[in-house]
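**Student:** My structure is below; once you've seen it, I'll send some questions.
The values are calculated or read from the model by the stated rules, or taken from the named source; none is laboratory data. No experiment lies behind these values; they were computed from the predicted model shown. In this analysis, Cβ positions are derived from the backbone assuming ideal geometry, glycine residues included, and neighbour counts consider all displayed protein chains.
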Amino acid sequence: MIRILFALINVLIALIIAPLFDGIERKIKARLQNRRGPPILQTIYDLSKLYKKENIFLGSRLHFIAPIIVFANTLIALLITPSFTPASVYFIGDIILLLYLLSSSSLFLVLGSISSRNPFAITGSNREIMLSIGSKLLLALSIGIILWNKGSLLIIHLFPLIPPLVPSSILSFIVFIIIAYIESMRLPFDIPEAEPEIAGGILIEYSGPNLALILHSIYLKRILFASFIINFLFYGSILSTGFLGIIIYSIIFLALLFIVSIAFTVIEVFCGRYRIDHALKFIKNLSLLMGVIILLALYGY
Amino acid sequence: MFEGDIVFLPMIPLIVASIIVVVLRGKMSSNYITSISSMISCGLMLYVSYRVLILNRLIGSSIWIGPKLPGVPVNFFRICFLIDSLSAIFVFILGLVGFLASLYSISYMSRFYDKEHIGFYGFNYMIFLLSMYLTLTTRDLFWFIIFWEIMTLSSQFLVSFEKDKKKAVWAGYKYFTITKAGSEILIVGILLLIIFYCGMKTDFLVLKLVAKPNRLLNNIIIALLFIGLAVKASLTPFHTWLPDAHPEAPSHVSALLGGVMIKIPIYMMFRLYYFFFRPSLLWGIIVSIIGIITVLIGAFYALVQEDSKRLLAYSSIENIGIIILGLGASLSFLSVNSSFYNILGALALFASLYHVVNHAICKSLLFLVAGSIIYRTGSRDLDVLGGLSKYMPLTALAAIIGMLSITGIPPFNGFISKWLLYSSTIGSGTPYVILGIILLFAGGLTIAIYIKFYTTIFTRPPKKPYTGEIKESPPTITLPLISLAILCIIFGLFPIIPWHIVGDFIQRIYPLRGFIGIYPGLIIVPTVSIAYPLLLLLVLVSIIFPILFAIYFGSGKSVSTTWASGVLFRSNPMSVSSRSYYNVFRTIFSEIYSIGDKLYSIFILKTSNALRKLFEAIHNVIENPPYMIILFLLLILVYCIILWTGWYIID
């Protein structure tokens with residue numbers, strides 16, 4: 001039961017921390033561009049205001065319900081991922097459930113968005129689905145190879161990366177970092193949203209609590225991927241026995257999360273947006289590289 | 001009546017009604033007779049499979065259709081039937097899909113009353129159902145091939161049912177020729193079995209027991225039988241007939257073709273690999289590689305289709321690939337002498353059979369959805385359709401449930417079978433991991449395919465407004481849709497039900513029951529300590545959480561419409577066409593499409609050209625009288641040799 005409690009604590013912390021990190025990132029971005037930037041808590045203010053607003057029903061039930069399902073999927077994904085505390089709900093094959101939850105959230109995001117019948121939303125959704133196929137390919141390849149080297153189907157057995165010191169795992173991990181970047185809808189890859197180009201794309205017809213749910217789940221997804229990166233590097237290497245140990249663990253984890261977030265933000269500032277075909281070509285080339293990594297893994301390296 | 005004789009029960013209504021339909025001239029009456037007698041017969045099939053699967057009875061019987069003559073093999077005139085735990089799975093899906101498809105046909109066929117000959121349809125439809133049932137239940141390889149040919153013939157008439165459409169006739173022709181060529185290969189394989197191993201005792205039970213010492217010959221026979229079955233199951237190099245044939249039939253027939261008929265070769269493959277021969281690593285690898293190629297080709301091509309039923313047909317190819325991959329993985333893992341791999345193999349077998357049942361339900365549901373759209377709008381062109389969820393809410397609901405289950409979104413049934421397959425491949429730590437990874441990627445493609453299917457038909461505004469008034473289809477059409485959709489949810493939430501259906505067969509191959517835990521919404525291998533409450537929590541969160549949120553946020557809402565620069569959204573000429581969905585993806589990944597096209601040109605066009613040249617040469621020879629005489633003498637010589645050497649063993 002303790003484990004479930006800790007897994008729930010993970011989710012609860014993530015719910016608050018995720019928008020906070022977005023606020024910090026906005027501040028850093030502004031600083032790098034020589035602007036003053038909004039206060040750090042701005043994203044939390046935004047979300048809480050959006051949650052309080054009235055929902056608008058556009059005549060399509062799917063459009064109305066989709067954000068809730070997206071949010072729920074992201075929360076379950078967080079429940080089975082160890083993050084702030086090294087505990088999660090786990091069972092054999094949970095990694096596959098995680099991948100399908102992520103697919104499911106992008107599926108419902110797209111379905112809901114197209115149901116609004118807005119041409120911009122349709123364009124954005126089309127891009128989102130192509131990008132998500134591509135990143136799903138890379139995600140499957142990289143996670144699959146790490147799984148292969150680790151010989152387990154459990155998320156917690158994936159971490160840490162190193163004990164079998166094989167080049168294919170390390171290369172896959174590098175690819176995984178790139179995917180974490182793509183999946184978190186940051187600048188060269190925020191093609192489905194593309195504020196200046198298609199006015200928010202998939203988000204265009206959402207407002208109020210529904211918009212807040214989608215934004216919140218995007219922030220949560222960022223935390224999810226970032227905690228995967230940190231777990232790959234440091235899981236189990238920090239002392240985490242006893243109540244104090246867990247608290248220390250959480251604090252160190254937060255610090256590491258902060259570093260990952262800063263690194264991603266700095267990259268984001270220096271990037272322009274990709275066109276969708278460029279992004280897909282990038283993914284395709286990366287997947288050809290993954291082919292080489294598969295060969296390495298096949299020969300036991 | 002003996003218990004075994006209930007195997008004949010489902011045949012009686014079909015045989016009687018098909019004779020009545022031929023004699024009767026009326027359109028409506030023959031349609032009603034067809035539907036009702038098919039429904040009765042399919043209900044009886046369900047009862048038969050219930051007796052085998054749940055009550056654990058073996059049902060078998062035989063019937064003499066001619067005199068017992070001395071010197072003539074017994075099985076020329078005696079047909080033996082047996083329903084065991086394997087064939088009962090397939091009889092179950094045939095009964096289920098057949099029942100709902102026949103119910104659906106009552107109003108669906110009224111479209112054709114003044115165009116086509118309903119009696120002709122009714123006869124072929126019932127013979128098609130009957131031949132599928134006979135193919136599944138016969139115990140004799142000799143009769144299997146005969147029923148198999150009848151099945152091809154009758155379904156070909158159903159494919160080219162709309163005689164005025166050139167496309168339909170061409171599709172039927174293509175379907176018949178390619179699958180007929182496949183069954184010739186099958187016949188050669190069966191002949192080799194007869195000549196070298198079993199004589200005319202082609203009973204399954206005899207085939208299982210007879211010793212097969214020659215390994216090379218075994219592999220040749222397996223290869224021939226596998227290719228013959230693969231053509232009908234539309235595995236990759238031979239898949240090209242399916243996307244032409246399945247869409248052209250009336251929709252409920254498409255549901256039967258895509259949901260049940262392409263599973264019948266799969267049934268025979270299970271028999272071939274598990275009963276006739278021992279599971280071997282070599283064949284496991286070959287079968288699974290063919291499976292994964294089929295998955296990729298099916299998924300990539302389904303992505304770019306512009307016709308709703310054609311898209312579903314390509315998706316059938318993909319799912320057949322998944323089933324075959326499960327079969328291949330189970331063969332490889334079960335042939336190794338290690339209990340860890342054997343458990344994985346049994347899991348893959350479970351996944352494969354579970355997916356057979358799931359795919360039968362989802363795919364027939366989706367074909368019936370496409371049919372419901374055709375019934376009201378008369379179109380299956382994804383560019384013409386659009387915005388129908390408002391007018392046909394029940395169909396849209398069924399479509400979305402079918403879509404979620406076939407893409408494998410967690411609480412639905414597709415997830416469990418795919419999850420089992422991923423666990424057995426990716427969890428194995430062998431090169432099968434790569435196949436599992438490719439399958440995961442194909443899962444992503446499937447989501448894209450069905451987003452296209454759903455959004456183009458139901459949500460995106462149509463290019464031109466519809467001419468007539470569009471409303472929900474009649475209850476005989478929506479009832480099968482809703483019941484299949486409910487089955488999708490039940491089979492996903494309670495995997496114990498599919499386990500009762502497919503479990504007996506798996507227990508015969510490997511005692512898996514002790515190694516898995518079946519929970520609501522999940523099947524797992526409890527090798528790590530796993531607490532039941534954890535799973536319950538997961539299921540509760542996934543189900544209850546969205547509902548609570550929906551109630552909470554559903555309270556204060558105001559209604560508005562999408563703003564579209566002052567244009568009404570009933571139709572929109574600027575709406576995204578189905579061609580431009582994933583257009584970029586197609587150009588970036590064009591290599592895969594060119595490989596697919598090349599496969600078609602090599603395996604179908606070049607082979608058929610070569611065969612045509614061969615037969616032209618033979619034709620030239622035959623027209624020459626001296627050659628004719630020599631050939632005739634040669635044939636007699638061969639016959640004499642066969643008789644002398646005693647290859648032809650009579651009973």
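**Student:** Quick one: would you say B:L296 is part of a helix (DSSP H, G or I), outside the structural domain of B:S372 (by TED's automatic domain parsing) and closer than 14 Å to B:D597 by Cα?
**Tutor:** yes
**Student:** Within region B:466-485, is even one residue within 14 Å of another protein chain (Cβ to nearest Cβ) and either out of contact with any strand residue (DSSP E or B) (no Cβ under 7 Å at 6 or more places or on another chain) or surrounded by 24 or more Cβ atoms within 10 Å (Cβ to Cβ) (or both)?
**Tutor:** Looking for residues that are within 14 Å of another protein chain (Cβ to nearest Cβ) and either out of contact with any strand residue (DSSP E or B) (no Cβ under 7 Å at 6 or more places or on another chain) or surrounded by 24 or more Cβ atoms within 10 Å (Cβ to Cβ) (or both), one finds none in region B:466-485, hence no.
**Student:** Turning to a different aspect of this structure: Going through region B:446-465 one residue at a time, which ones are surrounded by 15 or more Cβ atoms within 10 Å (Cβ to Cβ) and more than 23 Å from B:S405 (Cα to Cα)?
**Tutor:** Matches in region B:446-465: B:P461, B:P462, B:K463.
**Student:** Could we say that B:S110 is farther than 24 Å from B:V48 by Cβ, small (G, A, S) and either crowded, with 24+ Cβ neighbours inside 10 Å or more than 17 Å from the chain's Cα centre (by Cα) (or both) here?
**Tutor:** Yes; evaluated as a whole, the condition is true for this residue.
**Student:** For the structure I just gave you, tell me whether B:I343 is in a helix (DSSP H, G or I), surrounded by fewer than 24 Cβ atoms within 10 Å (Cβ to Cβ), modelled with pLDDT of 90 or more and out of contact with any strand residue (DSSP E or B) (no Cβ under 7 Å at 6 or more places or on another chain).
**Tutor:** no
**Student:** Ok, one more. Spot the failing condition for B:R51; the list is (1) surrounded by fewer than 16 Cβ atoms within 10 Å (Cβ to Cβ); (2) assigned to a helix (DSSP H, G or I); (3) basic (K, R), and only one is missed.
**Tutor:** If we test B:R51 against (1) surrounded by fewer than 16 Cβ atoms within 10 Å (Cβ to Cβ); (2) assigned to a helix (DSSP H, G or I); (3) basic (K, R), just (1) comes out false.
**Student:** Could you please find all residues in region A:237-295 being of a type in the set (A, V, I, L, M, F, W, C) and not in a helix (DSSP H, G or I)?
**Tutor:** Across region A:237-295, the qualifying residues are A:I238, A:L239, A:F270, A:C271.
**Student:** Sticking with this structure for a sec: Which of the residues spanning region B:422-459 are more than 7 Å from chain A (Cβ to nearest Cβ), under 16 Å from B:I285 (Cβ atoms) and in a helix (DSSP H, G or I)?
**Tutor:** B:S424, B:T425, B:Y432, B:L435, B:I438, B:L439
**Student:** Sticking with this one: Regarding region B:264-282, can at least one residue be identified that is in contact with a Gly (Cβ under 7 Å, 6 or more places away or on another chain) and surrounded by 22 or more Cβ atoms within 10 Å (Cβ to Cβ)?
**Tutor:** The answer is no, given that none of the residues of region B:264-282 is in contact with a Gly (Cβ under 7 Å, 6 or more places away or on another chain) and surrounded by 22 or more Cβ atoms within 10 Å (Cβ to Cβ).
**Student:** Moving to a separate point now. Quick one: how many residues across region A:148-165 are within 13 Å of another protein chain (Cβ to nearest Cβ) and not basic (K, R)?
**Tutor:** Going through region A:148-165 one residue at a time, the tally reaches 11.
**Student:** Further, regarding this structure: Please enumerate the residues belonging to region A:16-66 that are of a type in the set (D, E, K, R) and within 14 Å of chain B (Cβ to nearest Cβ).
**Tutor:** Of everything in region A:16-66, those that are of a type in the set (D, E, K, R) and within 14 Å of chain B (Cβ to nearest Cβ) turn out to be A:K52, A:K53, A:E54, A:R61.
**Student:** Residue pairs, Cβ under 8 Å, 6 or more apart or interchain, first in region A:85-102 and more than 7 Å from chain B (Cβ to nearest Cβ) and over 28 Å from A:I252 (Cα atoms), second buried (at least 21 other Cβ atoms within 10 Å of the Cβ) and of a type in the set (D, E, K, R). List them.
**Tutor:** That search, which allows pairs on different chains as well, returns nothing.
Table: residues versus (1) more than 20 Å from A:I80 (Cα to Cα); (2) in contact with a helix residue (DSSP H, G or I) (Cβ under 9 Å, 6 or more places away or on another chain).
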position: A:K221; (1), (2): no, yes
position: A:I230; (1), (2): no, yes
position: A:Y249; (1), (2): no, no
position: A:F258; (1), (2): yes, yes
position: A:I262; (1), (2): yes, yes
position: A:V269; (1), (2): yes, yes
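Residues checked against (1) small (G, A, S); (2) closer than 27 Å to B:V260 by Cβ; (3) within 14 Å of another protein chain (Cβ to nearest Cβ); (4) in contact (Cβ under 8 Å) with a residue 60 or more places away in the chain:
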| site | (1), (2), (3), (4) |
| --- | --- |
| B:S339 | yes, no, no, no |
| B:N342 | no, no, no, yes |
| B:L347 | no, yes, yes, yes |
| B:H355 | no, yes, no, yes |
| B:S372 | yes, yes, no, yes |
| B:L382 | no, yes, yes, yes |
| B:S389 | yes, no, yes, yes |
| B:T407 | no, yes, yes, no |
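**Student:** Across region B:367-404, which residue is farthest from the chain's Cα centre (by Cα) among those that are of a type in the set (S, T, Y) and under 17 Å from A:L62 (Cβ atoms)?
**Tutor:** B:Y391
**Student:** Name the single residue that is farthest from A:A77 (Cα to Cα) among those in region A:180-200 being within 13 Å of another protein chain (Cβ to nearest Cβ) and not in a loop (DSSP other than H, G, I, E, B).
**Tutor:** Among them, the one singled out is A:I198.
**Student:** Now, a different point. Search region A:188-238 for residues being of a type in the set (S, T, N, Q) and more than 17 Å from the chain's Cα centre (by Cα), and hand back the single one that is farthest from A:I68 (Cα to Cα).
**Tutor:** A:S237
**Student:** Would you mind telling me which numbered condition in (1) in a helix (DSSP H, G or I); (2) within 26 Å of A:I92 (Cα to Cα); (3) within 11 Å of chain A (Cβ to nearest Cβ); (4) not hydrophobic (A, V, I, L, M, F, W, C) B:S417 fails?
**Tutor:** (3)
**Student:** Is it the case that A:P209 is in contact (Cβ under 8 Å) with a residue 12 or more places away in the chain, assigned to a helix (DSSP H, G or I) and away from chain B (no Cβ under 12 Å)?
**Tutor:** So A:P209 fails the test.
**Student:** A:K136 versus (1) at pLDDT below 85; (2) under 13 Å from the mean Cα position of the chain (by Cα); (3) surrounded by fewer than 22 Cβ atoms within 10 Å (Cβ to Cβ); (4) at the interface with another protein chain (Cβ under 9 Å from one of its Cβ atoms): which is the lone unmet condition?
**Tutor:** Every listed condition holds for A:K136 apart from (3).
**Student:** If A:I170 passes every condition in (1) of a type outside the set (K, R); (2) touching a helix residue (DSSP H, G or I) at 6+ places or on another chain (Cβ under 8 Å); (3) part of a helix (DSSP H, G or I) but one, which one does it miss?
**Tutor:** Just one mismatch for A:I170, condition (2).
**Student:** Take A:A72 and decide whether it is within 7 Å of chain B (Cβ to nearest Cβ), buried (at least 24 other Cβ atoms within 10 Å of the Cβ) and either farther than 18 Å from B:I406 by Cβ or under 14 Å from the mean Cα position of the chain (by Cα) (or both).
**Tutor:** yes
**Student:** Sticking with this one: Out of all the residues in region B:64-81, is one or more assigned to a helix (DSSP H, G or I) and under 26 Å from the mean Cα position of the chain (by Cα)?
**Tutor:** No, region B:64-81 contains no residue that is assigned to a helix (DSSP H, G or I) and under 26 Å from the mean Cα position of the chain (by Cα).
**Student:** Given the structure, is B:P237 in contact with a strand residue (DSSP E or B) (Cβ under 9 Å, 6 or more places away or on another chain) and in a helix (DSSP H, G or I)?
**Tutor:** No: the conditions fail for B:P237.
**Student:** Collect the residues in region A:97-110 that are modelled with pLDDT of 85 or more, hydrophobic (A, V, I, L, M, F, W, C) and more than 18 Å from B:Y581 (Cα to Cα), keeping them in residue-number order.
**Tutor:** Result: A:L98, A:L99, A:L101, A:L102.
**Student:** Further question on the same structure: Condition (residue is part of a helix (DSSP H, G or I) and touching a strand residue (DSSP E or B) at 6+ places or on another chain (Cβ under 9 Å)) applied to region B:106-120: is it met by at least one residue?
**Tutor:** Scanning region B:106-120 turns up no residue that is part of a helix (DSSP H, G or I) and touching a strand residue (DSSP E or B) at 6+ places or on another chain (Cβ under 9 Å).
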